[in-house]
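Worksheet: one structure, shown below.
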Amino acid sequence: MAKKFESINEAQLSFALELLRSQHSDDKSAVFSPASIATSVAMVYLGAQSETANQIRIAMGLGFTESEIHSYFSTLMKHTKSDYGVKVPPPEPEIDPNDTKALQERISELAFLRHCNPYTSQCVLETINRIYVNDQTILKDNFVDKFDKFYQGGIEKVKFTEDKTVEIINNFIAEVTRNKINNIVKKSDFNETTKIVLINSIYFKGKWAKVQGGHAGPPPKQIKFILKGCKI
């Protein structure tokens, strides 16, 4: 499983580079989160079928089974899930010591996550997913169950034509991003044809392991000076 995850990681890197190329401009900067976009597309893939599902797989460069893809994102969600500021590691799964396959999968998962520890004091890394769905739209139970299982997300029914829906969504996003992102949606974004809105939030806060001059201001200057009449 670890090798599969590493392969999907490489596919995600290629997807991110393709996104960057598509947004590249000689005179403009582009800022976006490939991880957030990939997670959102994967959530769409969860409910897609036939040609739509095939096109998503091609676009993301994922030559893997549906189960492998969603298991990959599920692992990331479990270890970076946001509980509105309460950050606790997920409970260790109960594994039968005689179940060799389950033990091997757990060892592989831990190996994959060896560089991703969002519970240290050095950094904060949290993700959260949510679906807002039109109150007249009925989602299949199978999709709801899989969304909860793989993406650790909540589903909330709303009326997209009402003003308070904009407030609900904006308040949610502001809360999970520590008020770093505000008023991201407006009423004109929705109308009577809006059925579903997917939300993925990634919050990261950390310090540079090594700070170098010149990145956030003028580079430091070395000044030579001579002390007269002083003993050191």
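The values are calculated or read from the model by the stated rules, or taken from the named source; none is laboratory data. Everything numeric in this text was worked out from a predicted model, so none of it was measured. No Cβ is skipped: glycine too gets one built from the backbone with ideal geometry, and neighbour counts run over all protein chains shown.
Here is how the numbers come out for the structure above:
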item	result
Filtered residue count, segment 61-98, keeping only those that are out of contact with any strand residue (DSSP E or B) (no Cβ under 8 Å at 6 or more places or on another chain), at pLDDT below 70 and charged (D, E, K, R)	4
Segment 12-50, subset buried (at least 17 other Cβ atoms within 10 Å of the Cβ) and polar (S, T, N, Q), residue nearest to I128 (Cα to Cα)	T39
Candidates F64, F5, F15 - the one that is touching a residue at least 40 places away in the same chain (Cβ under 8 Å) and touching an Asp or Glu at 6+ places or on another chain (Cβ under 9 Å)	F5
Given (1) modelled with pLDDT of 90 or more; (2) among the β-branched types (V, I, T); (3) surrounded by fewer than 16 Cβ atoms within 10 Å (Cβ to Cβ), index of the condition I232 fails	(1)
Tally, over segment 150-178, of residues that are at pLDDT below 90 and loosely packed, with under 14 Cβ neighbours inside 10 Å	1
Search result, residues across segment 144-188 that are hydroxyl-bearing (S, T, Y) and assigned to a helix (DSSP H, G or I)	Y151, T165, S188
Residue in segment 189-207 that is part of a loop (DSSP other than H, G, I, E, B), loosely packed, with under 10 Cβ neighbours inside 10 Å, at pLDDT below 90 and not acidic (D, E) present	yes
Those residues of segment 42-60 which are closer than 19 Å to G153 by Cβ and at pLDDT 90 or above, in sequence order	A42, M43, V44, Y45, L46, G47, A48
